[in-house]
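S.K.: Structure below; questions to follow.
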Amino acid sequence: MHIDDANVRAHTPLLLKAAWKPQGEKLNLIVEYSLDPRWGSDPVTFTNLVIVAIYQGGRATGCQTKPTGTHLKEKSLVYWRLGEVTLTQEVHKVICRFVGTEGALPQPGHIEAKWELHTALPITGSGISLSRLEPSKGKQKEETVDPFADDSIANFMAAGSIGNWVELETNRKYVSGKYEAR
């Protein structure tokens with residue numbers, strides 16, 4: 001499925017906002033996250049939510065996080081495994097302070113998020129739907145119709161000819177790849 005750039009926010013449920021603030025030999029970071037209002041107003045539960053902050057430049061000699069996160073000095077990043085989180089438009093945040101050495105202060109980078117999201121919302125905007133043919137009840141003569149032939153498609157799709165099309169309930173599963181906020 002292709003998503004146009006103008007319509008991408010309707011398919012991205014997580015809203016991230018990063019604020020980096022250098023302060024002497026320290027680099028402070030606040031990452032705010034919430035449910036994107038374009039996604040809807042009902043609460044949504046994210047599974048395996050992980051927020052990753054990647055900094056540039058020098059290596060941090062220390063790192064303080066709230067809530068508790070994991071700092072990987074060799075990869076110049078810190079991450080928070082938030083697990084299962086139910087989000088609304090209410091803003092939540094994670095905070096971090098990197099401590100560097102003189103002349104090797106870490107510089108602002110970007111934020112990534114990974115999660116799984118299972119929802120029973122219809123697959124809108126894609127133009128794809130799933131249906132199954134339920135045989136009609138009662139005695140009818142058996143017809144041989146090729147559903148993929150253009151000349152017989154009208155006969156095939158006619159209600160009651162050999163059965164009825166019933167739309168299947170669909171679920172979407174979003175698994176993020178690389179979702180960035182700069």
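The values are calculated or read from the model by the stated rules, or taken from the named source; none is laboratory data. Source: prediction; values computed, not measured. All Cβ positions, even for glycine, are placed from backbone atoms using ideal geometry, and neighbour counts span all protein chains on display.
S.K.: Can you pull out the residues in region 32-46 that are modelled with pLDDT of 90 or more and acidic (Asp, Glu)?
M.R.: Scanning region 32-46 gives a single hit, Glu32.
S.K.: Now, a different point. Go over the candidates Leu82, Leu49, Leu29 one by one and state the one that is at pLDDT 95 or above, farther than 23 Å from Gln107 by Cα and either assigned to a helix (DSSP H, G or I) or hydrophobic (A, V, I, L, M, F, W, C) (or both).
M.R.: Among Leu82, Leu49, Leu29, only Leu82 is at pLDDT 95 or above, farther than 23 Å from Gln107 by Cα and either assigned to a helix (DSSP H, G or I) or hydrophobic (A, V, I, L, M, F, W, C) (or both).
S.K.: From the residues in region 52-72 that are surrounded by 13 or more Cβ atoms within 10 Å (Cβ to Cβ) and outside any strand (DSSP E or B), which one is modelled with the lowest pLDDT?
M.R.: My answer is Gly58.
S.K.: Does region 76-106 hold any residues that are exposed (fewer than 15 other Cβ atoms within 10 Å of the Cβ) and farther than 27 Å from Thr12 by Cα, and which are they?
M.R.: Listed by number, the residues that qualify are Thr101, Glu102, Gly103, Ala104.
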